[in-house]
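Participant: Okay, handing you the structure first.
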Amino acid sequence: MTEWSVQRLAQLVFEIVRDQLVAVGDDFTPQSDLIEAGLDSIGVTQLMLALEERTGVWVDEGLLTPELLSSSETLAACVHEQLAQS
Amino acid sequence: MSSSLRADAVPPVAAGAVTSGGPRIVPLTGSDCFLRAFDDEVRRYNGASHVSQLILRLGPGFDVEVLRRLVHEVTVVVPLMRAPIRRRYGVGLPVYRTDLADRMPLPVVTVHASEPDGGPTGPLPDAFAARMNDRFLGRRGRLLHFDVVPYADGARGTDLAMSWLHMLFDGTGSETFIAQLDRYFQGTRGAADLMTYDRPPAPREQMSARGQRARAWRAHIAHLGASPPRSLAGPLRSVPQDLRLRVETLGVEETARAIERAKALAGFLTPMLFYLAVTIRAHDRVFRARGLDPGSYVVPLPVNLRPKGVDGAIFRSHVSLLWFQVQQEQVSDLEGLIADLKRQRHASIKGGLVEGGVAAMEFVRFLPKRLYARMTRRGMAGELCSFFFAYTDQFVPAAQSFLGAEILNGFHAPAVTPSPGSCLAMSLRGARLNVTHVYQSDVLAEEEIETMRRSVRADLIGEAS
């Protein structure tokens, strides 16, 4: 079983986006929409690569939808599902 | 269409007006220097400049005098818009000498006579393509020019082209500039808000690590050069630059189909790979018709490097390049082609080639521009690439009007060097896709342009051409 909970993954996604990928204000939270925050396609790929580095699981960008990128939490749930299957 | 001059006067800046504060010099970015090298090449070999253009097709209500006044007011506040580009004391990094800007002429707004039956939904004015072949003088601060074609004195609408020496803005910067100029007109922003000389984010890595990235990028380019491209124009040649410009605007339903196909075939995150594949196939039709071996297709894709989520970085270019290479036998299968482009994109990002491109361009800023251009061409047997391509998504999405006139349509006409001599640029304005083709006149015959047009349409909407 994975050591990563959805909550921990959401925090990880949130921190990578906030600290490395997008210039965001204080109002950016794990519930904030990632696309609206300014994450572009290169940023999404870089995010998935950073997540792969930390968790060991690659989530194919082809699986991603606007709904899954609507917050750090929704993306974390997707990554968690992939982790569980790996 | 006649492009005779109707009014070309530049009103003097008000007495006592001085350029406002701000830095005395603004360094060019690495990608600026890349563009500057090709501007120099075009100047020497083709007698013109490397000029990009943004075109607005406007409804009634546009007042050219308002544009002229605003441009001049903003230029006085934002000295970079007419600052000479030089190396300080002849050595070191090239910079905008904003400290000398006051001595330079203001940007010119030229009004052209229109065809009696012309209008902002008809063919583009010839004056716009002519401006792309004009000589801009970066060393003397001549960086920006506006051309205006009013129809029936503006009662039937107006066509407007903003042309600039490519270092002044990149595509995103030019759109932000237009949007900010309109906000200034509406009184919601001040002219000083335009004075954003945002530095690219400071590199987080040590110099040695950046050097390693730059070397990896060079190795990647050398790898591409092992199977060099051949453009339809052939390698660098001494011919007068004579760029032509055409735009095709898809209908709303056709655009919806194209967007749906892009999403289905390339994914919602990377629609540009669908449009790139369409562009490769359009050029391939011409290569095949001529019986010409393209070598491999090598195409750079600009990557926007602005800090995401901020409104700014108007001036200078803030881009890196992702390079793609495909063989001719891959082109016939559209889905397979897109899959391979996706694979290459992923590998390039994973391999740090976005950052590597930045590092390489930063390092070579110190080189003489001629050497810079020569190095780039030498790796690809005299070519830069097979052709240029750009996809810029929604065009000025925040603005419905410009200086009080409705924006009926708008798009970019990117700078194109006479070799490779062809560029397809695509963008959306509202619910309609614009396909702009900029090409050197002697590179493509009329029937070849039509072949490409049909190929692009067929691939976009999924019909046989």
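Participant: Work out the mean other chain Cβ neighbour count within 10 Å for the residues of A:16-28 and drop it here as an integer. Write out the running numbers ahead of the final one.
Facilitator: Numbers: counts 0, 2, 0, 0, 1, 3, 4, 7, 3, 2, 0, 0, 1.
Across the residues of A:16-28, the mean count of other-chain Cβ atoms within 10 Å is 2.
Participant: Which value at 222 nm does chain B reach when only helices count, each DSSP H run of 4 or more adding -39,500 (n - 2.57), with the total divided by all residues and rounded to the nearest 500 deg cm²/dmol?
Facilitator: -11500 deg cm²/dmol
Participant: Apply the Karplus curve 6.51 cos²θ - 1.76 cosθ + 1.60, θ = phi - 60°, to the phi angles in the range B:244-251 and return the couplings in whole Hz, x for Gly and Pro.
Facilitator: 10, 9, 9, 9, 10, 10, 6, x
Participant: Using only the Cα atoms of the range B:197-282, each taken as one equal point scatterer with no solvent, compute I(q) by the Debye sum, divide by I(0), and report log10 of the ratio at q = 0.13 Å⁻¹.
Facilitator: At q = 0.13 Å⁻¹ the computed log10 ratios are -0.92.
Participant: Normalised by the number of residues in the range B:323-439, what is the relative contact order in percent for Cα pairs under 8 Å and 6+ residues apart?
Facilitator: Value for the range B:323-439: 19 percent.
Participant: List the trypsin sites (Lys or Arg not before Pro) within the range B:162-232 that DSSP assigns to loop and that have no more than 14 neighbouring Cβ atoms inside 10 Å.
Facilitator: B:204
Participant: Measuring from the lowest to the highest alpha carbon on each principal axis, how far does the range B:294-413 reach, largest first, in angstroms?
Facilitator: Cα spread of the range B:294-413 along its principal axes, largest to smallest: 50, 43, 27 Å.
Participant: Could you list, bin by bin from short to long, the percent of Cα-Cα pairs of the range A:4-86 in 5 Å steps?
Facilitator: 3, 16, 32, 29, 15, 4, 1, 0
Participant: How many partner chain Cβ atoms sit within 10 Å of a residue's Cβ in peptide A:54-64, on average, as a whole number?
Facilitator: Taking the mean over all residues of the peptide, I get 2.
Participant: Note down the net charge around residue B:43, summing +1 for each Lys or Arg and -1 for each Asp or Glu among other residues with Cβ under 14 Å from its Cβ.
Facilitator: Here the charged neighbours net out to +4.
Participant: I need the phi-derived Karplus couplings for the range A:28-45: 6.51 cos²θ - 1.76 cosθ + 1.60, θ = phi - 60°, integer Hz, Gly and Pro marked x.
Facilitator: The phi angles translate into 7, 10, x, 8, 5, 5, 6, 5, 5, 6, x, 6, 9, 5, 5, x, 5, 4 Hz.
Participant: Separate question: Per residue of A:34-43, count partner chain C-beta atoms within 10 Å of its C-beta, then hand back the mean as an integer.
Facilitator: The per-residue average across the peptide is 5.
Participant: Below 8 Å between Cα atoms, with a sequence gap of 6+, how large is the relative contact order for chain B in percent? Could you put the intermediate results ahead of the total?
Facilitator: Numbers: 959 pairs, mean separation 110.3, N = 465.
In percent, rounded to a whole number, it is 24.
Participant: Okay, moving on. Around residue A:57, under 13 Å between beta carbons, what's the net of Lys plus Arg minus Asp minus Glu among the other residues?
Facilitator: Once all neighbours under 13 Å are counted, the net charge is -4.
Participant: A further question on this structure: With a sphere of radius 10 Å drawn around the Cβ of residue B:235, what net charge do the other residues whose Cβ falls strictly inside it have (Lys, Arg +1; Asp, Glu -1)?
Facilitator: Spelling it out: positives minus negatives among the neighbours equals +2.
Participant: Based on the mean of other beta carbon atoms within 10 Å per residue, what is the order of B:145-153, B:376-384, most packed first? Let's see the in-between values first.
Facilitator: Numbers: B:145-153: 20.3, B:376-384: 17.8.
The peptides rank, most packed first, as B:145-153, B:376-384.
Participant: What translational diffusion coefficient, to the nearest whole µm²/s, does the range B:112-191 have by Stokes-Einstein, given a Kirkwood radius computed over alpha-carbon pairs, a temperature of 4 °C and 1.567 mPa s viscosity?
Facilitator: 91
Participant: Also, quick follow-up: Over the protein assembly as shown, what lengths in whole Å, largest first, do the semi-axes of the equivalent ellipsoid take, defined as the square roots of 5 times the eigenvalues of the alpha-carbon gyration tensor?
Facilitator: 36, 28, 25
Participant: For the ranges B:58-68, B:416-426, what's the packing order if you count other beta-carbon atoms within 10 Å of each residue, average per peptide, and put the highest first?
Facilitator: Highest mean packing first, the order is B:416-426, B:58-68.
Participant: Considering amide H positions built from the backbone, and no H for Pro or chain starts, which residues 5 or more places from residue B:110, or on another chain, come under 5 Å of its amide H?
Facilitator: Sorted by chain and number, the residues that satisfy this are B:146, B:147, B:148.
Throughout, read-outs are computed from the coordinates displayed, never taken from laboratory work. Just so it is clear, the model here is predicted, and its values are computed rather than measured. A quick note on method: Cβ atoms are made from the backbone with ideal geometry, for glycine too, and the neighbour counts reach across all protein chains shown.
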